[in-house]
Amino acid sequence: MRTPLLLATLLLTACSTENAPDPKSSGNAEAIASPAPVPADAPVILAFGDSLYAGYNLQPGEGYPPRLEAALNASGTPARVINAGVSGDTTAAALQRLKFTLDNQPVKPTLALVGLGGNDMLRGLPPEETRANLDAILTEFDNRKIPVVLTGMLAAPNLGADYTERFNPIWPDMAKKHKAGLVPFFLEPVLGNRALMLDDNVHPNAEGVNRIVAVTQAKVAEALKQAVEGSN
């Protein structure tokens, strides 16, 4: 699996070569170094995704959910971020475990982050299947009245123009259909910069996660604020 993953990711770097902002300028580095305490009654964010949420090959506390939680609380947005990421998950596998995951949350999530689709793309699965699975996942969140922020994916150029044209619009289309927030391309802050990636050139390292948090934190905070206000 390592070789095709590496090839696909190297090709994906062509999609985003723009330099990412320095996370130090956003205050995230300080926030993560000394995490602010999470209030006992902080609203819950469920991070439901694949290895990009699970913190693949990172130390405890270095993955996206815990670093996002630290940054949000340090900036004055109380939040408890639950890591429901499973490495290797396709959208089909995630859909199969979604109800079980939600049914077993001690506290109903106020907001959910959904980050899936990368493994579908790397396996060359039909985009129509990815679309249908994501639609079903978002419908389940809709039915439970849990607002969602989607973190999107882009197809590797080597899969061809036809695949790209069928795959890339899935996230903006789903965000529009389900009135969800959208981060168009979750990996945009790190791809093209090997210093921000693990040796596999597929997953962000700890510093790469900082960059992603720096870019996505404001959107998540705003979505959480709206979700809290909507639930009152």
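Rule-based calculations on the coordinates, nothing more; no lab input. In this text the structure is predicted, and so the values were computed from the model without any measurement. Positions of Cβ are generated from backbone atoms using ideal geometry, with glycine treated the same way; all protein chains shown enter the neighbour counts.
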Problem set entry | Cα-based Rg / Dmax (Å) for the chain | 16.6, 50
Exercise. Using a simple charge model, +1 on the beta-carbon of Lys and Arg, -1 on the beta-carbon of Asp and Glu, nothing else, what dipole does the chain show about its Cα centre, in debye to the nearest 20?
Worked result: 340
Problem set entry | Positive-end residue, the chain charge dipole about Cα centroid, Cβ charges, pick of ALA206, PRO126, LEU224 | LEU224
Seminar exercise, completed: Residue separation between ASN57 and GLN226 times 0.36 nm, minus their alpha-carbon distance, gives in nm 57.5 nm
Exercise. If the cut-off is a Cα-Cα distance under 28 Å, which lysines reach LYS179, setting aside same-chain residues fewer than 8 apart in sequence?
Worked result: LYS99, LYS108, LYS145, LYS219, LYS225
Exercise. If you take the Cα atoms of segment 153-232, find Rg, then find the Kirkwood Rh from the mean of 1/r over all pairs, what is Rg/Rh?
Worked result: 1.06
For this session: Using only alpha carbon pairs under 8 Å that are at least six residues apart, calculate the relative contact order of segment 2-231 and give it in whole percent.
Result: 27
Problem set entry | Positive-end residue, the chain charge dipole about Cα centroid, Cβ charges, pick of LEU102, ALA156, THR90 | LEU102
Problem set entry | Expected 222 nm ellipticity per residue - DSSP helices of 4 or more, -39500 (n - 2.57), all of the chain, to 500 | -14000 deg cm²/dmol
Exercise. Can you give me the Cα centroid spacing of segment 81-108 and segment 120-184 in angstrom?
Worked result: 17
